């Protein structure tokens with residue numbers, strides 16, 4: 001599965017689905033299309049985290065502490081890709097994924113559908129979630145809090161991928177002067193310890 005393809009097409013949501021003869025799969029929504037992939041949601045989430053250089057466990061721990069929640073913490077892959085959790089289906093068995101993720105920047109509006117919530121997304125997509133409208137609004141609010149935290153850059157740096165220009169700047173051949181300076185610094189450090 002080429003996760004970069006879906007990110008470049010504008011990934012706006014990914015939800016767990018059951019597909020006949022394949023089982024537990026994931027439905028990916030982009031701005032213009034949707035596609036089924038033969039991986040469960042946890043695998044897709046891990047691929048996205050790897051692509052964006054995000055430690056999911058530490059991110060959830062840190063942001064969960066700030067938001068005072070333990071579960072269903074928004075996932076900030078970068079400033080433009082902050083995904084909120086929503087309950088999509090009832091689990092059939094233990095450890096069966098029931099939660100999907102929606103990019104807060106792609107939400108047009110939320111609408112109550114009896115005890116559920118219909119989420120209208122950009123690209124004329126709709127996703128029905130099992131959360132009440134109040135709970136869905138709370139998840140959206142938490143997502144916006146995380147977004148403001150990242151934009152203010154106070155104590156939380158989202159990913160390395162956003163700062164890739166640093167590596168582009170220093171991804172050049174070393175000159176003799178660079179090597180001489182490095183040798184001098186190593187010699188100075190060694191003299192402190194020996």
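Where a number appears in this text, it was derived from the coordinates with a stated rule and is not lab data. Small disclaimer: the values here were computed from a predicted structure and weren't measured. As a convention, Cβ positions derive from the backbone with ideal geometry for all residues, glycine included, and neighbour counts pool all protein chains shown.
Before moving on, here are some points about what is shown:
- Simple label model, 7 Å out from Cα along Cβ direction - residue 190 to residue 70, nm: 5.3
- Packing-based exposure ordering (other Cβ within 10 Å, fewest first) of 144, 125: 144, 125
- Sequence ranges 177-185, 11-19, ranked by mean other-Cβ count within 10 angstrom, highest first: 11-19, 177-185
- Residue 124 versus residue 144: modelled label distance in nm, points set 7 Å from Cα along the beta carbon direction: 2.8
- Relative contact order of the stretch 3-193, pairs being alpha-carbon contacts under 8 Å that are 6 or more residues apart, as %: 17
- Sorted fewest first by neighbouring Cβ atoms within 10 angstrom, 94, 126 come out as 94, 126.
- If a spin label sat at a point 7 angstrom from the Cα of residue 108 along the line to its beta carbon, the backbone N atoms of the stretch 16-38 nearer than 17 Å would be those of 29-34.
- FRET efficiency, 1/(1 + (r/R0)^6) with R0 30 Å, evaluated for residue 151 and residue 95 via beta carbons: 0.30
- Using 0.36 nm per residue and subtracting the Cα-Cα separation, the extra length available between residue 53 and residue 38 on full extension is 3.1 nm.
- In degrees, nearest ten, helix 133-152 long axis to first principal axis of the chain (Cα): 20
- Structural descriptor for the stretch 29-96: relative contact order 18 percent, calculated from alpha carbon pairs under 8 angstrom and at least 6 residues apart.
- Option label - Rg/Rh (Cα atoms, Kirkwood Rh) computed here, alternatives [x] 0.94; [y] 0.98; [z] 1.12: [z]
- Mean residue ellipticity (222 nm) of the chain, computed from DSSP H runs ≥ 4 via -39,500 (n - 2.57), nearest 500: -12000 deg cm²/dmol
- Nearest-ten-degree value, helix 41-51 long axis tilted from longest Cα axis of the chain: 30
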